[in-house]
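Below you'll find the structure, written out as structure tokens, and then a few comments.
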Amino acid sequence: MARVSMAKDGAIAVLTLDHPEKRNALSDALISELLSALDLVRTDSTRVVVVRARPEVTVWSSGHDIDELPSSRRDPLGWSEPLRALVQRLQNFPAPVIALLEGGVWGGACEVVFACDLIVATPNVTFAITPARLGVPYGLFGLQTLAGAMPRALLKELIYTAQPIPVQRAWALGLVNHVVPADSITDFTLDLARIIAANAPLTIAATKEQLGLLDQSGGWASADLERLQELRRSIGESEDYREGLAAFSEKRRPIFRGQ
Ligand code: YXS
């Protein structure tokens with residue numbers, strides 16, 4: 001069953017997340033379809049990509065598919081994870097990608113959204129980043145993407161509380177380009193995309209690449225990277241991580257003991 005649908009509107013490719021049964025969880029299957037769709041539309045005739053969910057969903061995406069998080073031993077958010085490939089494909093796509101958001105954006109889906117170039121959201125959108133609710137050691141490069149998208153204080157609040165924040169706060173801090181009512185957001189986003197598509201694609205592609213390299217230039221010293229990887233590996237093997245996954249599947253609140 002397809003989890004992503006694709007349509008072209010002139011020079012604009014529209015990719016729609018379409019697995020509402022699991023709240024568009026970023027499963028390996030859904031990510032694989034999204035990657036294939038991005039590869040398919042990576043042609044000179046595509047000047048803008050819009051990534052959206054079906055209109056009027058209550059959840060844009062519930063984040064990483066928790067059922068696919070490894071029980072232990074393997075790094076749950078390592079370099080080779082499909083989510084990492086998706087974020088990089090969006091960041092390196094040679095044309096602007098607009099995230100058209102409705103409903104809740106959870107966990108790793110926030111990283112996907114903030115890897116896009118522009119964000120247009122309905123007033124009911126919320127953002128939540130929940131590794132602390134699951135005992136997950138968040139990924140280094142995921143943190144780098146998020147740290148580049150928002151003030152440190154907001155990122156800390158999102159991760160430490162694991163609570164959703166409303167789009168109005170994100171907009172006030174410049175994280176979101178436009179907040180638009182649900183009944184006009186599709187037309188608004190396509191009009192915005194058409195304005196961009198009418199401009200010089202080489203200038204836009206070069207600007208996107210330059211800004212992307214500028215964003216990635218900050219990062220950790222290599223000596224710290226080794227220590228941080230060891231730290232994350234130990235969390236991936238912790239009791240708390242196992243408790244977080246168990247609590248989610250048993251639909252109960254987790255009890256973390258810091259071990
Ligand atoms: O009970 P059934 O079988 O119908 O399945 C339910 C949910 O278990 C399932 N589902 C998910 N399955 C795997 N991974 C998910 N992320 C996920 N989210 C949902 O979908 C069915 C319908 O969900 P339900 O009944 O809870 O829907 P709802 O509308 O009442 O609530 C929607 C949510 C999104 C508020 C709720 O599903 C939820 O809290 N989901 C988990 C959100 C979350 O914590 N996402 C972070 C995933 S971990 C991740 O992204 C990173 C590793 S990290 O944690 O580091 O950010």
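Ligands, DNA and RNA are left out, and with a 1.4 angstrom probe the accessible area of the chain is 49 Å² per residue.
Express as a percent, rounded to the nearest 5, the fraction of DSSP beta bridges in the chain (both residues included) that run antiparallel. Kindly include the intermediate steps, with their values, before the conclusion.
On the way: 8 of 30 bridges.
In the chain, DSSP labels about 25 percent of beta bridges as antiparallel.
As a rough guide to protection, the peptides 148-157, 188-197 ranked by mean Cβ packing within 10 Å, highest first, stand as 188-197, 148-157.
Computed about its Cα centre, the charge dipole of the chain is approximately 340 debye, with only Lys, Arg, Asp and Glu carrying charge at their Cβ.
A P(r) calculated from all alpha carbon pairs of the chain, with 5 Å bins opening at zero, reads 1, 6, 13, 18, 19, 18, 13, 7, 4, 2, 0, 0 percent. For the pair Arg152 and Asp191, the difference between a 0.36 nm per residue extended length and the Cα-Cα distance amounts to 10.8 nm. Computed over the stretch 108-259, relative contact order equals 31 percent, with contacts defined as Cα pairs under 8 Å that lie 6+ residues apart.
In the stretch 12-121, what percent of the accessible surface is made up of carbon and sulfur (1.4 Å probe, ligands and nucleic acids excluded)?
On the way: 1940 of 3920 Å².
The computed percentage sits at 50.
Top to bottom by accessible area (1.4 Å), largest first, where do Asp44, Asp65 land? Please list the in-between numbers first.
Working: Asp44 145, Asp65 5 Å².
Ranked from most to least accessible, the order is Asp44, Asp65.
Positive contributions from Lys and Arg (+1) and negative ones from Asp and Glu (-1), summed over other residues with Cβ under 13 Å from the Cβ of Ala128, come out at +1.
For the chain, what does -39500 (n - 2.57) per DSSP helix run (n ≥ 4), summed and divided by total residues, give at 222 nm, in deg cm²/dmol to the nearest 500? Numbers along the way, then the final one.
Details: 11 runs with 118 residues, N = 259.
Theoretical 222 nm ellipticity from helices: -13500 deg cm²/dmol.
Calculate what fraction, in whole %, of the accessible area of the stretch 143-213 sits on carbon and sulfur atoms when a 1.4 Å probe is rolled over the protein chains.
Working: 2550 of 4070 Å².
Summing carbon and sulfur atoms, their accessible area is 63 percent of the total for the stretch 143-213.
The alpha carbons of the stretch 127-220 give a radius of gyration and a Dmax of 16.4, 46 Å, in that order. Annotation note: GluC sites (Glu not before Pro) in the stretch 1-104 located in DSSP loop regions with a Cβ neighbour count of at most 16 within 10 Å are Glu56. Under the simplified labelling scheme, the Gln163-Ala246 pair shows an inter-label distance of 2.8 nm, with each label point 7 Å from Cα along Cα→Cβ. Only one residue of His178, Ile12, Asn199 has its Cα farthest out toward the positive end of the dipole of the chain, where Lys and Arg carry +1 and Asp and Glu -1 on Cβ, and that residue is His178. Percent relative contact order of the chain, based on C-alpha pairs within less than 8 angstrom and at least six residues apart? About 19 percent, as a whole number.
Can you list the aspartates and glutamates whose alpha carbon sits under 20 Å from that of Lys251, skipping same-chain ones fewer than 8 residues off? Counting by Cα, and skipping residues close in sequence, Lys251 has these aspartates and glutamates nearby: Glu21, Asp65, Asp67, Glu68, Glu239, Asp240, Glu243.
The values are calculated or read from the model by the stated rules, or taken from the named source; none is laboratory data. Not measured: the values here are computed from a predicted model. FYI the Cβ positions are ideal-geometry reconstructions off the backbone, even for glycines, and counts take in every protein chain you see. When the accessible area is computed, the model is the full protein with side chains, heavy atoms only, and any ligands, DNA or RNA have been set aside. Shrake-Rupley method; radii C 1.70, N 1.55, O 1.52, S 1.80 Å.
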